[in-house]
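The values are calculated or read from the model by the stated rules, or taken from the named source; none is laboratory data. Predicted, not measured: the structure shown is a model, and the values here were computed from it. Accessible surface is based on the protein model in full, side chains and every heavy atom, while ligands, DNA and RNA are left aside. Shrake-Rupley method; radii C 1.70, N 1.55, O 1.52, S 1.80 Å.
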Amino acid sequence: FSGMAAAAAAAGRGVNAGHDHNQDNHGPFLAAVPGVLEVSIGHALIGEALHAGLPATVRAYLAVIDHASRGGSIPLA
């Protein structure tokens, strides 16, 4: 995927990711694919928020994103 992301960037395009991301797979994906602009996590976020609450779930996703942006590939969920 990183090769496709590099090709998209070279062509002046951004990289967006579709559905099926959750706290378990979102971090490794972001760490492996550079330059992701947008990811559809709404369905998973709301589903997880039903169990953990919305504020806690949003904080958990922000921690996953922060961890991935620092080069981490181990999910924090």
* Measuring with a 1.4 Å probe in the full set of protein chains, what accessible area per residue, in whole Å², belongs to the chain? -> 64
* If amide H atoms are built 1.01 Å from N in the plane of the peptide, which residues on other chains or at least 5 residues away come under 5 Å of the amide H of V39? -> A17
* Asked: Taking only DSSP H segments of four or more residues, each worth -39500 (n - 2.57), what value at 222 nm results for the chain once the sum is divided by all its residues, to the nearest 500 deg cm²/dmol?
  -> -17000 deg cm²/dmol
